[in-house]
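Worksheet: one structure, shown below.
The values are calculated or read from the model by the stated rules, or taken from the named source; none is laboratory data. Only a predicted model underlies this, so the values are computations on that prediction, with no experimental measurement involved. Using ideal geometry, Cβ is built from the backbone for each residue, glycine included, and neighbour counts are taken over all protein chains shown. Note: accessible area is taken over every heavy atom of the protein model, side chains too, but ligands, DNA and RNA are not part of it. Shrake-Rupley method; radii C 1.70, N 1.55, O 1.52, S 1.80 Å.
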Amino acid sequence: MTEEIRTLEWLPDGGVRILDQTRLPGDEVYVECRDAEAVAEAIRNLRIRGAPALGVTAAMGLALGAQRLQASDATSFLRDLKGIADMLARTRPTARNLFWGLERILTVAEKHRDLSLPTLKERLAEEAVKMHEEDLACNRAMGEHGQRLIESGDTILTHCNTGALATVGYGTGLGVIRAAWERGKQIRVLVGETRPVLQGARLTAWELDRLGIPSCLITDSMAGDFMRRGEVQAVIVGADRIALNGDVANKIGTYTLAVLCRHHNLPFYVAAPFSTVDPALAAGTEIPIEERAPQEITSIAGISIAPRGFPAANPAFDVTPAELVTALITDQGVLYPPFAEAIQTLAGSSSATQ
Ligand code: MRU
């Protein structure tokens, strides 16, 4: 069995160890973050990315920041903790999980405010480690539910990176693909390169190569032609935020794939843990979309590919309307349209268990 990738880890001596994804696939290099600011830097600069991974990283960053707080009473401790959470929340706006992770640590801190401050700090570190463990279990559950939708002989097109690197381990969309492969299904994966940051070419291809799953890299613009030729049986992607009506924000290019699937009568599956659902948003139009630097578009690996100063747009995510989603593969099971009622019921019960 392939050894699980160690995307991020809590260091017992007070730190967060992150596999630097900006260096992959060339170098397997780890960064050790010793304060919350270093964790924020790692998130902002995509050393760690992918919605579920961001949820646990933000929680660990906050728990790490808590260890260093010098407050003398619970009120000032909670006020300073909120300040660190606000700083971490400003790193990236779209992935719901990042805010979910911060909220969970803040809720635990509030709930246990009567503990002594050293014990409370320990409790927060324990909670972050618990979230790390839960994410892995959640991805395996998603894999088990989702693999039933895949048949031997299928070629699956995926976008961005939804594997172990985008999570604590195993993956969401790629976890489903991996679960099908581990159960002996003879599948093949088409990996969309995912311009401009190339999460598909750099990260998903690296993971699939390690797992030994038959795969082929294509440019994003090839997707339609491969579908027309009958070379795709399903598309599986992840999600950064899901609204209560089932609209899905995910890596830019996802919406195009969903439209292509509808035209070619192919299933379009979204795999995500329930922490990706935003209980405050009724529809996808309300999801904040990150706009990244134009240089990501006008250059590749530091080499300019456009006229100097030429304007470029760079929204990092798009929103796919629920009507184009065949099924949502979650850790709680597979949901089919109409999604609103099932999402609201499950969102209510998962927030009640926190
Ligand atoms: O900008 P990124 O690399 O953080 O974007 C990641 C994605 O869009 C993923 O598809 C999404 O987070 C799901 S990851 C399991």
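Here the 3J(HN,Hα) profile of region 226-236, calculated from phi with Karplus coefficients 6.51, -1.76 and 1.60 at θ = phi - 60°, is 5, 5, 4, 7, x, 9, 10, 9, 6, 10, 10 Hz, Gly and Pro shown as x. Using +1 at the Cβ of each Lys and Arg and -1 at the Cβ of each Asp and Glu in the chain, identify which of Thr22, Tyr255, Val108 lies farthest towards the dipole's positive end. Projecting each Cα onto the dipole axis, the largest value belongs to Tyr255. Rg over Rh for region 145-353 works out to 0.97, using Cα positions for both radii and the Kirkwood form for Rh. Length available on full extension from Glu286 to Ala137: 0.36 nm per residue minus the Cα-Cα distance, which gives 50.6 nm.
Going from most exposed to least, what order do Met87, Met131 have by accessible area with a 1.4 Å probe? Numbers along the way, then the final one.
On the way: Met87 35, Met131 5 Å².
My answer, sorted largest first, is Met87, Met131.
Shape annotation for region 199-261: C-alpha extents along the principal axes are 37, 27, 18 Å, from largest to smallest. At a threshold of 8 angstrom on Cα-Cα distance, excluding pairs fewer than six apart, so keeping six or more, what relative contact order does region 8-140 reach in percent? Relative contact order comes out at 24 percent. Using a Förster distance of 41 angstrom, determine the FRET efficiency expected from the C-beta separation of Ser299 and Thr345, and round it to 0.05. For Ser299 and Thr345, the calculated efficiency is 0.30. Straight-line reach from Lys185: taking Cα to Cα under 14 Å and skipping same-chain neighbours fewer than 8 places apart, the aspartates and glutamates in range are Glu144, Glu151, Asp154. Within straight-line reach of Lys111, meaning a Cα separation under 20 Å, sit the following aspartates and glutamates at least 8 residues removed in sequence or on another chain: Asp73, Asp80, Asp86, Glu103, Glu122, Glu126, Glu127. Panel values: the chain, Kirkwood radius from alpha carbon pairs, Stokes-Einstein at 4 °C and 1.567 mPa s, translational diffusion coefficient 63 µm²/s.
Applying both filters, DSSP loop and at most 16 other Cβ atoms within 10 Å, to the trypsin sites (Lys or Arg not before Pro) of region 148-184 gives Arg148, Arg183. In terms of the Cα gyration tensor, with a ≥ b ≥ c the square roots of its eigenvalues, is region 19-88 rounded because a/c is under 1.5, prolate because a/b exceeds b/c, or oblate? Prolate, because a/c is 1.5 or more and a/b exceeds b/c.
On C-alpha positions alone, give me the angle between the axis of helix 51-67 and the longest principal axis of the chain, in degrees, nearest 10. The angle comes out at about 10 degrees. With all protein chains in place and ligands, DNA and RNA left out, the 1.4 Å accessible area ranks Lys130, Lys111, Lys185 as Lys111, Lys130, Lys185, largest first. Placing +1 on the Cβ of every Lys and Arg and -1 on the Cβ of every Asp and Glu, with nothing else charged, gives region 1-125 a dipole about its Cα centre of roughly 420 debye.
Helix 254-264 axis versus longest C-alpha principal axis of the chain: approximately 30°, rounded to the nearest ten.
Solvent-accessible area of region 145-353 (1.4 angstrom probe, protein heavy atoms only): carbon and sulfur portion equals 55 percent. Its Cα centre serving as origin, the chain has a Cβ charge dipole (Lys and Arg +1, Asp and Glu -1) of approximately 400 debye. Largest GNM mean-square fluctuation among His145, His263, His132, using the chain with Cα springs under 10 Å: His263.
Rolling a 1.4 Å probe across the protein heavy atoms gives the chain an accessible surface of 42 Å² per residue.
The GluC sites (Glu not before Pro) of region 142-219 that meet both conditions, a loop assignment by DSSP and at most 15 other Cβ atoms within 10 Å of the site Cβ, are Glu151.
Taking all Cα pairs closer than 8 Å and separated by 6 or more residues, the relative contact order of the chain comes to 16 percent. GNM remark for the chain: springs join alpha carbons under 10 Å apart, and the peak mean-square fluctuation among Gly224, Gly284, Gly246 falls on Gly224. Compared with the dominant principal axis of the Cα atoms in the chain, helix 340-352 is inclined by about 30°.
Computed from phi, the 3J(HN,Hα) profile of region 24-41 under the Karplus parametrisation 6.51, -1.76, 1.60 (θ = phi - 60°) reads 7, x, x, 10, 9, 10, 10, 10, 9, 8, 9, 8, 5, 5, 5, 5, 4, 4 Hz, with x in place of Gly and Pro.
The residues Glu32, Glu41, sorted by heavy-atom accessible surface at 1.4 Å with ligands and nucleic acids left out, run Glu32, Glu41 from largest to smallest.
Surface composition of region 8-140: carbon and sulfur atoms hold 50% of the protein heavy-atom accessible area at a 1.4 Å probe.
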